[in-house]
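Take a look at the structure set out below.
Here, each number is a calculation from the coordinates, and none is a lab measurement. Predicted model, so just to flag it, every value in this text is computed and none were measured. Every residue, glycine among them, receives a Cβ derived from its backbone with ideal geometry; neighbour counts consider all protein chains shown.
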C-alpha cells in the first residue's frame, strides 16, 4: 500500500472590523441606523452631520429631498421613543454565535431566522427557499434543530403542536401526559374529545382535563415576548410610486442624517498643525473609521436601490394589478442579476420596508417561491391570499377541508398538495375545518 499526504494551501479570509461594521450597517433597519449614526457622531470627532438646509449631495449621490423642521422634530420624537432593549433577532443571533461553530450551519441558521414570522414560527416554505438559495438541506435541518433548543422556548416551530412540544421538551416534560396528548392525540385534542383521549392514553378524564389546562398555559407566540408596549416607529427605506404614468423606485432618505468628514480636522492634518505622534495616530485612526462609516452607508443605500429596481422590474404586474399578480422571486436570482452573494441580499432587505402609496410592506414580501400555472407562475404569497379568500367565502356551517381547498386551487390550474395547504393555512393563523365550523 502506498501512502501519500496532500497538503493544500489557501488563503482564508477572516472578517475585519471594517467588514463587521459594513455588515451591521447593511442589515440595520432605518431606526437602528439612526441610532448607530448618532453613536458614531458622538464618538468620532472626524464625523459631522450636515444639516438639511446645507447645499450638499446625499450619501448615495442623488439629490437630497427637502426636510421641514416639523418633519425633523417628528423623526426625533419617534427616535426617542423607540425601544432600546435587545431585539428578538439579536437574542437569537447571540445564542447562535456562542454555540454554532460550523460556518455553513450558522449561515443556514441566519437564513432560517429571516423566515420566522411575527410569532417566531418558521414559514412553511423556508426549507424549500433555503435549498433554492444554495443551502444544503442537512445544514438547514441542523440549524433548525439548534434553533428549536434556543430561548424563547418554541421558536422555530412550524405549527402550534410543535411549538407546545418544544416548550414541554425544554422543561424536561417529555413523559408528561400533556406531551403525550400533543404527540399522539392532537387531532382529538383539537376536537376536545376528552373521553377518547383518556381511553387512548390510559388516563382518567380528569387527568386529561388537567393536562389540557397545562397545555393552555403554554406560549402561543414565543417572539411576542420581545414586543413591548412602547412604541417603535417604522420608516420606509424604499418608495415605489407612479410618476407620469410610470412606476419608479427611490430611496426615502429623510430619516438618514447626512454625514461628512469634519473639515477643521481635515485642514489641521493637511497643514501639519498637529504635531504630537500620538495625536496624529489617533486622528488618522478616526479619519479612517469615519470614511469607513460613510462608505458603508453609501453601499447600503446603493444596494437597496439596486434591489428595489429589480423588484420593480420583476413585479411590475403586481404594482399595476395587485397581489394575484405577484411573481416568484428568490434572493439567489436577484443576487445573480446584481453580481452579489445571496446573503448580501438577505441582509440588505432585513427589517427594511417599502412604501407603496399608503401601504407599508416589508421588503421580504416581494420574495417567495411559486407554482406553475397555465399562464405562467404565481408566488406562494398569492396562493396564501387565495386560501384566505376561499375561507372567507365559505359557509361557516360547512367549512372547507384542506383537501377541498387544494382541489379548488387545482381546478384553477394550481397543483398544490393538501399538506401544503395545511402549512399555509397554519401560517395564516386560520384554524382547521373543525374549529371553524359554527353550529346553527
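Numbers for the structure displayed
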| quantity | calculated |
| --- | --- |
| Modelled label reach - residue 435, point 7 Å along Cα→Cβ, the stretch 107-122 residues with backbone N closer than 18 Å | 117-122 |
| Sequence of 314, 217, 210, 358 once ranked by neighbouring C-beta atoms within 10 Å, starting from the fewest | 358, 217, 210, 314 |
| Neighbour-count order for 408, 331, 147, fewest beta carbons within 10 angstrom listed first | 408, 147, 331 |
| R0 of 22 Å, Cβ-Cβ distance residue 51-residue 298: FRET efficiency to nearest 0.05 | 0.70 |
| Rounded FRET efficiency, nearest 0.05, which uses the C-beta distance separating residue 184 from residue 316 and R0 of 60 Å | 0.75 |
| Net lengthening on full extension, residue 101/residue 210 (0.36 nm per residue, minus Cα-Cα) | 35.1 nm |
| Using a Förster distance of 56 Å, the FRET efficiency for residue 192-residue 309 (Cβ separation, nearest 0.05) | 0.60 |
| Computed Kirkwood radius, in angstrom, where 1/r is averaged over Cα pairs of the stretch 238-366 | 17.4 Å |
| Ranked 283, 421, criterion: other C-beta atoms within 10 Å, fewest first | 283, 421 |
| Where a label projected 7 Å from the Cα of residue 357 along Cα→Cβ would reach, residues of the stretch 239-259 with amide N under 18 Å | 239-250 |
| Distance (nanometres) between label positions extended 7 Å along Cα→Cβ at residue 284 and residue 393 | 7.2 nm |
| Mean separation of Cα contacts under 8 Å, 6 or more apart, over the residue count of the stretch 238-366: relative contact order % | 27 percent |
| Kirkwood hydrodynamic radius of the stretch 370-436, Cα pairs, Å | 12.0 Å |
